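The values are calculated or read from the model by the stated rules, or taken from the named source; none is laboratory data. Computed from a predicted model, the values in this text were never measured in an experiment. Glycine gets a Cβ as well: all are built from the backbone with ideal geometry, and neighbour counts include every protein chain shown. Ligands, DNA and RNA are excluded from the accessible area calculation, which covers all protein heavy atoms including side chains. Shrake-Rupley method; radii C 1.70, N 1.55, O 1.52, S 1.80 Å.
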Amino acid sequence: MSCCGRPNTNENDANRQMQAQTTMVTQQPGLQPSLGFQTPAITTPTPTYAANVNAVNTWSHSPSPPPGPGMNGMMMNNLQSSTPIPTTYSATINGSSSYSTTEPLIRPDAIYPGYGSSSPPLSLNTGIPPSVPQIASKPVDEGKMSIAFDFGTTFSGVAYGSARVTAGKVQQILNWPGSTETFRKIPTCLLYDGHGQVLAWGLEAKNASPMAGTIRCEWFKLYLEPHALRDESAVDPRLPRLPPGKKPIDLIIDFLSCLWEYAKDQITREIGAVADLNSADVWLTVPAAWDAKGCDIMREAAITAGLVQNAHAGDRTWRDRLHIITEPEAAAVHCAFLTNVHHLKPSQNFMIVDAGGGTCDLAVYKIIGQMANLEIAEMCARSGANCGSLFLDLRFRELVKTLLADHPAHLDPASLAYFMHSFSETDKLTYKGLSDDNNMFHFTCFNVEDPHDPSVGLIDGQLCIPGNLLREKVFDPVVSQVLSLIEDQIKKVDQPIHALLLVGGFAGSEYLKHCVEVQFESRIRIITRPPDADTATLRGAAQYGLAKRQLVSTVIAPRSYIMKVKLPAEKDDWHKRPAYIRNNDAGVAICDNRLQYLVTKGAILRKGQRLTTKFCKFSQSVQDSSFVATLFTSDSEKLMRYTDEGETTELCKWTVDLSSLPTFRQNAMHQSGGFYTEFELGLELDSAEVRGILLYNNQEWGRVTFDFIN
């Protein structure tokens, strides 16, 4: 992610008092090598990490009256027919089985304050993460191409590499349509005609002159923000309108299609026909604050755009070549290797502040092992918010509209676009804060009419805005949000943070960097902005793919994942929710709308760890083979017992087709009047995505379909 800016040169300072000379994107977005970052030399640190902590929690168990037949879709733990069915329930935490039993009835392992044990499932331990055992896997093709896409709110880029053709080094596409200059990233921008056909993309779309019957679309990535996905009224009203008949996913597909088609040609041109792009691993970055629904939309868009496809006959796992990774995780991978910048040693912690165009994402990681075989582990739940540099632009536009409210000649779309471009290209990154309070910032008016009104800052065809007004109305509200995010992230970690690394296009803001240093330098020894900070996310995603191993060993669950279940009624249910209790066919009191925690917020999870739970479904006939459950999420630290406690969000319907299971077919053939099918579901949480798997005898038997709630 990035925002648009110029190198920090003397010419820029002079340009503060001059008019903008162009309305085109002519400068590389984000930071430039000429910024002159200092990269102090440091000797290779001595490895000191040798701790191994394996914390295993204990599930509690309290018996309840056994339910009878007729409880369709209940957890097997809570099932007992007229003849008890011995069952085993197990949950894997950090690779260890923590509870099992063969009793006829087993209460689920959700733990609630006041309802049993005080130890919640999958609780957070912020000590040194447990060592991760190596999982056997099929041999990897070391020469396989890895391609990374940083699809940003304002700017996007592509990087690639292969041990065979680039000696394991990350390469970036630098040449783009619409310019003879090189750009590390290009605007995330589309130009449509009146029929919804793409006329131009990237630089060509951004620099196109206004034309009747065309629609220029930007910032459409923000439509996938979690609140906007759940409630259309939560969409920022300042976002540009979508073309008629188009949805946000359509724009994302169109842009990724253009980006991918061009990238394929460029990669082939640069390294030759040896690149097998059809079988390449593709890495796509997403903001830290996105939930599984946003990631699922992004995956669907990427597949539709052709980023991965069937490479050959019998290629059944081609969709698995698309990997989605959070932006701070990708940036952390890139930054962890910059030992001459952050001076970190194994067992030390560092914070990534990925301040981009649309969002600011934060995460804290610990360096594990020697640098030659580096791994990093997430130390607390990551966070993020919509407070990227784009919101400086939007606040600047609102300020201009307020100042010129009585001068509508300067508020037409072309004039506003000209003001915003001048601000973005000259002052957004070089603004210094308090030291600029007494300076005047001059913006040439696009419209030559109505050139003079000193009372609002119109002087001789220029809009003059004092520096203190820019700071109060434009910069401080956004920068203060970033500082609050950092404060909150620090509070989540009960260990020292040894370095803070600012990355992303907004990291190029001198004022943002200054404010971070002033507020946190007494608590964090190293606060730095690495070289190529604006492409750290992109390069880190490509490095992850080239590593062919898990560089991030553990992640922290950013939210709880919960299932709605039916359980035998307990004393507390009779007291708190008697309306939820009914008798089943066997006359046993059952409580509806109970919550079963599959994973709690803050839980330490091995990357790709599978959390398994056993279920049982009662089917009336062989046609009754679908098991449907509702999966909820919660950002609350509170552990809830019922669905009506108000701090949960319905994420998706969890649909499982059991007809392929041998036990289902056998039971359907030999039993009349209905039958039970035991099965196991696995939930896999990666850094960004959630996957469901149907298991039988510990073997993967199929994927679970998630129908996300609109």
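Remarks
- Among the residues listed as Glu678, Glu650, the single one being charged (D, E, K, R), open to solvent by 30 Å² or more (accessible area, probe 1.4 Å) and under 30 Å from Glu329 (Cα atoms): Glu650
- Qualifying residue in region 341-353 (condition: surrounded by fewer than 16 Cβ atoms within 10 Å (Cβ to Cβ) and either within 20 Å of the chain's Cα centre (by Cα) or not basic (Lys, Arg) (or both)): no
- Scanning region 660-709 for residues that are of a type outside the set (Gly, Ala, Ser), part of a loop (DSSP other than H, G, I, E, B) and under 19 Å from the mean Cα position of the chain (by Cα) returns Asp686, Glu689, Ile709.
- Only one of the numbered conditions (1) over 20 Å from the mean Cα position of the chain (by Cα); (2) open to solvent by less than 50 Å² (accessible area, probe 1.4 Å) is violated by Ile324, and that is (1).
- Condition check for Trp219: touching a Phe, Trp or Tyr at 6+ places or on another chain (Cβ under 9 Å) and open to solvent by 20 Å² or more (accessible area, probe 1.4 Å): no
- Flag if Phe708 is over 24 Å from Met298 (Cα atoms), open to solvent by less than 40 Å² (accessible area, probe 1.4 Å) and modelled with pLDDT under 90: no
- Filtered by the rule that a residue be under 22 Å from the mean Cα position of the chain (by Cα) and closer than 20 Å to Arg395 by Cβ, region 224-242 gives Glu225, His227, Ala228, Ala234, Val235, Asp236, Leu239.
- Selection of region 422-474 for residues being open to solvent by 30 Å² or more (accessible area, probe 1.4 Å), in a helix (DSSP H, G or I) and in contact (Cβ under 8 Å) with a residue 24 or more places away in the chain yields Leu434, Val456, Asn468, Leu469, Arg471, Lys473.
- Taking the conditions (1) open to solvent by 30 Å² or more (accessible area, probe 1.4 Å); (2) within 19 Å of Glu700 (Cα to Cα); (3) small (Gly, Ala, Ser) in turn, Ser625 satisfies each one other than (1).
- Among residues of region 411-426, those that are within 17 Å of Glu449 (Cβ to Cβ) and touching a helix residue (DSSP H, G or I) at 6+ places or on another chain (Cβ under 8 Å), counted: 4
- Per the conditions (1) assigned to a loop (DSSP other than H, G, I, E, B); (2) surrounded by fewer than 22 Cβ atoms within 10 Å (Cβ to Cβ); (3) modelled with pLDDT of 90 or more, the sole criterion not satisfied by Leu394 is (1).
- Taken as a whole, the condition of being surrounded by 21 or more Cβ atoms within 10 Å (Cβ to Cβ), within 25 Å of Ala668 (Cβ to Cβ) and in contact with an Asp or Glu (Cβ under 6 Å, 6 or more places away or on another chain) applies to Cys616.
- Residues that are surrounded by 19 or more Cβ atoms within 10 Å (Cβ to Cβ) and of a type outside the set (A, V, I, L, M, F, W, C), drawn from region 222-242: Tyr223, Glu225, Pro226
- Residue within region 585-608 that is on the phi > 0 side of the Ramachandran plot, open to solvent by 30 Å² or more (accessible area, probe 1.4 Å) and of a type in the set (S, T, N, Q) present: yes
- Out of Gly388, Gly358, Gly384, sole residue that is within 18 Å of Glu225 (Cβ to Cβ), outside any helix (DSSP H, G or I) and open to solvent by 20 Å² or more (accessible area, probe 1.4 Å): Gly384
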